[in-house]
Amino acid sequence: MSSVKLKHLLTKAGKAIDKMDYASAGALFEQAVTLSPQAHQGWYGLGKVAAGIGQADTAATFFGHAVQLQPENALYRQRLGETLGRIGQTKDGLAHLLAARRLAPRDTGVLCSLSGGYVQAGDWHKAKSILREVVRQPNPQSAHYCLLGLVCQQLGELDEALAAFKRATALAPRYPDAWLSLCHLYKQKNMLDEAIDCLQTLFSLAPTAASTYDLAGDLAWARGDTLEAAKFFGQAADSAPEQVDVQAKLAVALVMSGDALAAIDTMTRLHALDVDEDWILEKLGVMFTQKYWTPMARESLEMAIERNPDNINAWNVLLAVYTRSGESEKIHKAADTILEKDPDNINALLHLATWYNDQGRHDEALALLDRVRERQPQAQTAYSKALWSQLSTSSASAADILSVARAMDERIFRPQLRTNSFASRDRDPERRLRIGWLSSDMRRHPVSAFILPFLPHIDHEALETFIYYNFSEEDDITQEIKSYADHWRTVAGIGDDSLAKLIEGDEIDILIDLNGFTDGGRSSVVARKPAPIQVSWLGFPGTSGMTAMDYIIIPPDPVLEKGDWCSETPWPLPDCYGVRTKISDAAIEPGLPCERLQAPFTFACLNHFRKASEKTIELWSRILIQLPEARLILVAIGGKDDDTIRYFSGKFERYGVDPRQLAFRGYVPKLQYYESYNEIDLGLDPFPYNGGTTGYDSIWMGTPFVTWPGEHLCARMGKAILENVGLHELVADSADAYVDIAVRLAHDHERLKTLRSGLRERMLASPLLDAPRMARSLETAFQGMWRRWCESKTK
């Protein structure tokens, strides 16, 4: 009789839960397990009820009891695994999902749940493998291809994601989620025409869905139509008034389209959702900062802290904005404000260290960074900023720099190193190599200026090119670089483990890190050693200190080739460190500027003033004291600010320089920057951190410069540039020689005119602008590295 009653209770409870009548279903399932504690269906039903009302922890307990009673039930294992994943018990959840798979190896529901478990664990490759298995089964569903596409999208495999989403729409032409996913991907790939066509289909299927309107707003925004974006975001907000992110987008679009009253109304609605106004403004500021819309970011964040002076997050983002826009005094004041509220705020201490560095106060920056490392020994940024400061200060030797880099490796990077012999890798020394380029700078950026020239000349029969692009925005330079890649992966937002697995899954033979310790760098990915050979080049002009980094590319230079300054093995290119193509359309004015303009003899350093070490200032001062009629042009953050000018001038006045000999400038538009070389008679290279990009610019604009090489990579850049255009006599071998060369040429105008004559033509004929030659040099270098690796593995 009790078994009949139990069956009746379970049947009735099942019908109640189908109707989402969780109260009735819960009561009935409770009666069932009271009647029969071994009734696993009752415990499972209680788990479904708890999950239905949002009590995941309780659901996990009930599902766990059902599994204990019926361990061979794949469905019970599946639901328990899913629920454990939702409450953060990822490892245990995966174990149950794997058990469910063993019990039901071809159950698509179980396999999809398992792929979700791998996603929660951050293992996107395994998630993709499982979903591939799902779609290979008979009669795969559109939703399965959607899941596969989303995983491929997360891995940066956008073409494969596109194929999956297209297949999803073909299988179920009236399935809105498939079209929504496809449209989002088109937008990500900047295929706006295709995205708009896709959006029209979505409007026909789900015309009033908030997600449709939201996507339409995103596309209008991408086209620069802020009015239409505001209209669609408004409709999305009306359809889903509780979605804070949609309301925030609407507020931004209304502000951008000039509808201030409507923007205020939207912010009022956000307030109604219990969102503080300073939080709203903070989020707007973050959004603008991410998009590099600096003036709007500054305005939003300043409004946020005006409303809530204790909003530390807004202050911290504002610090980054002030740093980006070069507002020197505001950087200092903002950092001080944060530290008054939170004396150990790491972000403020780091930005204050950057401020000291920008002021040329390298030793003060290093002392502050030591303080950060004492408080947070795992703070990678404190180490990397210390390395940047050490490159610029005359008080740090190459051995000092290497010591800090190795300490960072020991504490932060080496523990991330994964053991991988790459035993399955084809060791044919003559085969086509798979080359990975890891960078956030494949856009308008100084690094791309050295990458774009040679890419069209790479021999794709010898090298298969993979580019891992770690930035969320693309521009015309991105599109051009993309056209030369065999494979393009957009990897911004992918976790370090997942990106390392993606690179390893692509079977990259040689990975070139083009960032190093620069913004957008992925050093923790490199630390995991996802490729058998890893190379540092261009981004960070010094040693990484990393055990996982095998080589560092250098110009041909016996001092650098010794390798006592770096942890990597130096690999010299045969001619130069980097190549550019036509640099600017700016014309070179004829003659010596001081004669043409009837002006004082003019020295200049158009590098950022942070490169001006104390020793540099001392030698520049010696030059100016010997030439009291000469002047020196310098560039600094806040170069037009009176306080900044007084501070920097004071550094020279201590050595006896008349401040009237100095001209400080801030950042200027690019054409104006190039044309300013027409005012300069002779450049002065800073040391130990020489000019790189500016060195190329200077020679292109017909302006030679004096350099004094040091003992590590960025301290010998000037030498490498000058020697490629035959200006060996401008490479000093001592501090006195540096001063003597500058003073002598200021007096000997005829010799200086000879050195300047035809300088652009000499550069055009040199390896500095020979992109095909650089492509061949890199191919030879990579093939040499590969042969060496193959030989080492056969011994």
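Every number here is computed from the coordinates shown, using simple stated rules; none is lab data. Computed from a predicted model, the values in this text were never measured in an experiment. Because the Cβ atoms are built from the backbone with ideal geometry, glycine has one as well, and the counts that use them run over all protein chains shown.
Some observations on this one:
- Part-to-part distance (alpha-carbon centres) for region 726-795 and region 46-60, which is given in Å: 69
- Annotation: cysteines of the chain without a disulfide-compatible partner (Cβ-Cβ under 4.7 angstrom) are Cys112, Cys146, Cys152, Cys566, Cys576, Cys594, Cys605, Cys714, Cys790.
- Global geometry of region 582-726, whether rounded, prolate or oblate, following the gyration tensor of its Cα atoms and the 1.5 cut on a/c: rounded
- The charge dipole of region 66-210, taken about the Cα centre with unit charges on the Cβ atoms of Lys, Arg (+1) and Asp, Glu (-1), comes to about 380 debye, rounded to the nearest 20.
- Counting only residues at least eight positions apart within a chain, or on another chain, the lysines with an alpha carbon under 24 Å from that of Lys5 are Lys15, Lys19, Lys48.
- Qualifying trypsin sites (Lys or Arg not before Pro) in region 168-261, DSSP loop, other Cβ atoms within 10 Å at most 13: Arg174, Arg223
- Under the combined filter of DSSP loop state and at most 16 neighbouring Cβ atoms within 10 Å, region 345-438 retains these GluC sites (Glu not before Pro): Glu430.
- For the Cα trace of region 112-187, dividing Rg by the Kirkwood Rh returns an Rg/Rh value of 0.95.
- Arg136-Glu629 pseudo-label distance in nm [points 7 Å out on the Cα-to-Cβ vector]: 8.3
- Distance (nanometres) between label positions extended 7 Å along Cα→Cβ at Arg596 and Arg444: 2.7
- When the chain is described by a simple charge dipole with +1 on each Lys and Arg Cβ and -1 on each Asp and Glu Cβ, the residue from Leu778, Leu171, Gln598 located farthest towards its positive end is Leu171.
- At full extension, Lys670 and Thr61 could sit 212.8 nm farther apart than now, given 0.36 nm per residue minus the alpha carbon distance.
- Measuring r between the beta carbons of Glu473 and Gln376 and using R0 = 41 Å, the FRET efficiency lands at 0.85.
- Linear extension gain, Glu561 paired with Lys91, 0.36 nm per residue minus alpha-carbon span: 164.4 nm
- Two-site FRET efficiency, Asp274 against Lys7, from Cβ-Cβ distance with R₀ of 41 Å, rounded to 0.05: 0.30
- Were the residues from Glu430 through Tyr292 laid out at 0.36 nm apart, the gain over their Cα-Cα distance would be 45.2 nm.
- Label-point separation in nm, Leu261 to Glu194, each point 7 Å along Cα→Cβ: 4.3
- Which label in (i) 28.4; (ii) 30.2; (iii) 27.2 gives the computed Kirkwood radius over Cα pairs in Å: (ii)
- Over 27 Å apart at the Cα level, from the set Lys341/Lys611; Lys385/Lys615; Lys7/Lys91, are Lys341/Lys611; Lys7/Lys91.
- Straight-line cross-link reach from Lys231 at under 26 Å between alpha-carbon atoms covers these lysines, not counting any fewer than eight positions away in the same chain: Lys187, Lys189, Lys249, Lys283, Lys291.
- Extreme residue, positive dipole direction of region 107-237, given options Gln200, Cys183, Val135 (C-beta unit charges): Val135
- Placing +1 on each Lys and Arg Cβ and -1 on each Asp and Glu Cβ, with no other charges, gives region 11-57 a dipole about its Cα centre of roughly 160 debye.
- Reach of Lys529 by Cα under 17 Å, taken over lysines that are not fewer than 8 positions away in the same chain: Lys501, Lys793
- Each of the peptides 575-584, 191-200, 495-504 was scored by the mean count of other Cβ atoms within 10 Å over its residues; in descending order, highest first, they stand as 495-504, 575-584, 191-200.
- Relative protection proxy for 4-10, 747-753, 80-86, from highest mean packing down: 80-86, 4-10, 747-753 (other beta-carbon atoms within 10 angstrom).
- The alpha carbon gyration tensor of region 288-404 gives principal lengths a ≥ b ≥ c with a/c of 1.5 or higher and a/b greater than b/c, which makes the shape prolate.
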